[in-house]
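What follows is a single structure, written as structure tokens, with notes after it.
The values are calculated or read from the model by the stated rules, or taken from the named source; none is laboratory data. Nothing here was measured: the structure is a model prediction, and the numbers come from that model. Every residue, glycine among them, receives a Cβ derived from its backbone with ideal geometry; neighbour counts consider all protein chains shown.
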Amino acid sequence: MKRTQIQLTERQYKMLKDISARKNISVAGVIRECVNYYSASKCLVSDEEKYKKAINLIGKFKSGEKDISIKHDKYLAEDFKK
């Protein structure tokens, strides 16, 4: 492991201490979990990987509607209003 030093706001530090106490792990352990979570998030996934995942979803879900391919914009607009 590499040793590093960071600066946190009082609020950030308190939040880490609270999480640390609840999970019964060190503050460093909480920070490592956060880094792992962040690195696995979508922000670091390449556009190519996002495209592959999207393509793999095609046909895996059913809406019950028979005209989704024709009226997809209408359905999306309705959902975004909610």
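Does residue 51 satisfy being of a type in the set (Ser, Thr, Tyr) and surrounded by fewer than 10 Cβ atoms within 10 Å (Cβ to Cβ)? Answer is no for this residue.
The one condition from (1) surrounded by 10 or more Cβ atoms within 10 Å (Cβ to Cβ); (2) outside any helix (DSSP H, G or I); (3) of a type outside the set (A, V, I, L, M) that residue 66 does not meet is (1). Filtering 36, 56 for residues that are exposed (fewer than 11 other Cβ atoms within 10 Å of the Cβ), without any contact (Cβ under 8 Å) to a residue 60 or more places away in the chain, out of contact with any strand residue (DSSP E or B) (no Cβ under 6 Å at 6 or more places or on another chain) and within 27 Å of residue 1 (Cβ to Cβ) leaves a single hit, 36. Considering region 1-60, the qualifying helices (runs of 4 or more DSSP H), each wholly inside and each with 2 or more residues that are under 26 Å from residue 72 (Cβ atoms) and at pLDDT below 95, run over 47-57. The test for being surrounded by 10 or more Cβ atoms within 10 Å (Cβ to Cβ), among the β-branched types (Val, Ile, Thr) and over 22 Å from the mean Cα position of the chain (by Cα) does not hold for residue 19. Surrounded by 11 or more Cβ atoms within 10 Å (Cβ to Cβ), out of contact with any Lys or Arg (no Cβ under 9 Å at 6 or more places or on another chain) and of a type in the set (A, V, I, L, M): does that describe residue 6? Against the criterion (surrounded by 11 or more Cβ atoms within 10 Å (Cβ to Cβ), out of contact with any Lys or Arg (no Cβ under 9 Å at 6 or more places or on another chain) and of a type in the set (A, V, I, L, M)), residue 6 does not qualify.
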